[in-house]
Amino acid sequence: MVKTVLMIEDNPNNAMLVKRILEAQTEEINVAHAWTGESGLQMAIEQHPDLVLLDLGLPDIDGQTIAAFIRRIPALEHVPMIAVTAWPQETAQEMVRAYGCDDYIGKPIDPRKFIRMVLSYLSPTASN
């Protein structure tokens with residue numbers, strides 16, 4: 001069964017890297033990409049993704065606000081959300097807890113760690 005990962009990321013290099021990592025892993029992952037927080041929120045509402053990868057430093061609406069909006073939507077409140085950020089580890093951990101994200105991955109992305117984390121949230125045994 002194909003899983004949809006919604007990536008909300010404004011940096012073209014980061015977006016390309018994430019897409020390449022996920023698509024190289026399996027044909028079972030469809031990557032939807034939003035460049036802004038507003039378009040990402042709209043895509044989340046329309047597509048009901050299986051996982052959201054959320055950059056916290058977006059140009060229009062910060063990632064924390066987007067995370068809070070997503071968590072208030074009943075159909076999306078249990079969708080796993082991973083913050084993708086260059087913020088220091090302690091700050092990122094605080095944001096994960098405060099804004100309802102399930103986890104975070106630091107930038108620059110470690111491809112092996114990243115794919116393991118994504119697959120753990122997409123696997124049927126993961127609690128959603």
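A few comments on the model shown:
- Within the chain, the longest run free of exposed loop sites, counting GluC sites (Glu not before Pro) that sit outside DSSP helix and strand states (H, G, I, E, B) and have at most 11 other Cβ atoms within 10 Å, spans 78-128.
- Springs between Cα atoms under 10 Å define the GNM used for the chain, and in it the highest mean-square fluctuation of Ala67, Ala44, Ala75 occurs at Ala75.
- Inter-label distance for Thr4 and Ile45, nm, one decimal - labels placed 7 Å from Cα along Cα-to-Cβ: 1.5 nm
- Working from the Cα coordinates of the chain, the gyration tensor eigenvalues give, after taking √(5λ), semi-axes of 19, 17, 15 Å in decreasing order.
- Contact order relative to length of the chain, as percent, for alpha carbon pairs under 8 angstrom and 6 or more apart: 22 percent
- Using Cβ point charges alone (K and R +1, D and E -1), the dipole size of the chain about the Cα centre works out to roughly 300 debye.
Read-outs: derived from the displayed coordinates by stated rules, not from any lab. None of the values given here were measured: they were computed from a predicted structure. All Cβ positions, even for glycine, are placed from backbone atoms using ideal geometry, and neighbour counts span all protein chains on display.
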